[in-house]
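*Asks:* One structure follows; several queries about it will come next.
Each value in this text was obtained by applying a stated rule to the coordinates, not by laboratory testing. Quick caveat, the model's predicted, so the values are computed rather than measured. Cβ placement follows ideal geometry from the backbone for every residue including glycine, while neighbour counts extend to all protein chains displayed.
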Ligand code: SAM
């Protein structure tokens, strides 16, 4: 019986890399022989990565697939905290390019067996001697496993120039370590059937290399290397939306503020109308003091409900303590001038800042929050800048805040594209 792998072997190889990324949190990762960019498409979801690059010699496949690396709608709706740039290059791993020096992780998944042995030597020089990454993951077929494939005679793929036994792979890897100052661990994916593992090893053998000691990143422009400094062609480069961009930060913050202000304001208006007090809104039960505060919410919706209730409770207690209830209800009070039609509610910024962790995290301080909301056409602040004014009558005429749907959408989970099957199960 032919060995079958579940998940498929190419997925197991990518999962191996993803597990490594989760543990070591590299910031700069390049995938050599990236082909259809399927590993890059998965790695972009790992937010610790700030620079993701791919290199392949086959420009046709890159041109066809690289646009799948573009940001998704959710990347605009929920921008990441840190930056991400994705670069895709056309070039050969046998040539040097200074833009790939000093990465944290280089991956070479089922690539080296497509090179001649002379090119494997160049690959070693380029990757370990020139790019000098902190870590390298190399996977390649394990020839010792091949007898278990009854239908495979010769190599597993017609383009393979060789397939190494475990001993051959080990001998190449140890020489690389000696020549360039790395250490290596051997492992693999694709378990053999019970009873065979010891004799044949993994279907895909993997070497995980770590650079020894702290090595100065080599000078990319030294003598001969200068002429090779950009031998690759950059086919695609995309910068992902990030909160480090102040326009994006402001847009996200305003949406969040409007969403929460409207939610709180509506709740207060409703309670005022019905005269009903929701007992769940006491701080004890809704996120205030006491044991209940530590209870994990069962769902994001419940968390949101609890946050709103907590804000409501905090606000009501503030109003009661300070006896300024009329300030928040503009029918006959001091806010009439700015809200001539209908009912005006002022939501103090400190309530929003204190009750919504996301607003807190985005703005950093109450002063920043005020600063970031000032002069924003969508936000109506009180004269002293301490509260956000909402006019519910006007909003109802205009079918609610245009941004509330936006903020709601920001709560949607990521949609992940289905992955392609580049190669066969081996
Ligand atoms: N790494 C991919 C993955 O995990 O899905 C699949 C790799 S595919 C089996 C081998 C890739 O190596 C092909 O896309 C091929 O074009 C590329 N390749 C072969 N020789 C190369 C070279 N000298 N430089 C860069 N890429 C090369």
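*Asks:* Can you report the principal axis dimensions of the range 112-270 using only the alpha carbons, biggest first, rounded to whole angstrom?
*Replies:* Reported extents, whole Å, longest axis first: 75, 53, 33.
*Asks:* Using mean Cβ contacts within 10 Å as the protection proxy, how do 168-175, 137-144 order, highest first? The partial results should precede the final answer.
*Replies:* On the way: 168-175: 17.2, 137-144: 23.8.
Output ranking for 168-175, 137-144: 137-144, 168-175.
*Asks:* In addition: So for each of 7-17, 191-201 I average, over its residues, the number of other beta carbons within 10 Å; can you give me the resulting order with the highest mean first?
*Replies:* 7-17, 191-201
*Asks:* Also: Separation of the range 113-149 and the range 1-49 by C-alpha centroid, Å?
*Replies:* For the range 113-149 versus the range 1-49, the Cα centre distance is 17 Å.
*Asks:* Evaluated at 25 °C with a viscosity of 0.890 mPa s, what Stokes-Einstein diffusion coefficient in µm²/s does the range 1-74 have when Rh comes from the Kirkwood expression over alpha-carbon pairs?
*Replies:* Calculated translational D: 182 µm²/s.
*Asks:* Sticking with the crude label model, points 7 Å out along Cα→Cβ, report the distance from residue 121 to residue 18 in nm, one decimal please.
*Replies:* It is 3.9 nm.
*Asks:* Hey, could you get me the Stokes-Einstein D for the range 77-203, Kirkwood radius over alpha-carbon pairs, 4 °C and 1.567 mPa s, rounded to whole µm² s⁻¹? Please report the intermediate quantities before stating the final value.
*Replies:* Numbers: Rh = 16.6 Å.
Value of D from the Cα-based Kirkwood radius: 78 µm²/s.
*Asks:* What span do the alpha-carbon atoms of the range 37-113 cover on each of the three principal axes, reported in whole Å from largest to smallest?
*Replies:* The Cα atoms of the range 37-113 stretch 40, 28, 20 Å along their principal axes.
*Asks:* Same structure again: Compute the relative contact order of the range 9-239 as a whole-number percentage, counting only Cα pairs closer than 8 Å that sit 6 or more residues apart in sequence.
*Replies:* Relative contact order comes out at 23 percent.
*Asks:* Convert 37 °C to kelvin, take the viscosity as 0.692 mPa s, use the Kirkwood radius over C-alpha pairs of the range 1-139 as Rh, and evaluate the Stokes-Einstein diffusion coefficient in µm²/s, rounded to a whole number. Please report the intermediate quantities before stating the final value.
*Replies:* Numbers: Rh = 15.7 Å.
After rounding, the answer is 209 µm²/s.
*Asks:* Calculate the tail of P(r) for the range 9-239: the fraction of all Cα-Cα distances greater than 25 Å, expressed in %.
*Replies:* Value for the range 9-239: 41 percent of Cα pairs lie more than 25 Å apart.
*Asks:* Follow-up. Quickly work out the residue 266-to-residue 153 label distance, labels modelled 7 Å from Cα along the C-beta direction, and quote it in nm with one decimal.
*Replies:* Label at residue 153, label at residue 266, 7.2 nm between them.
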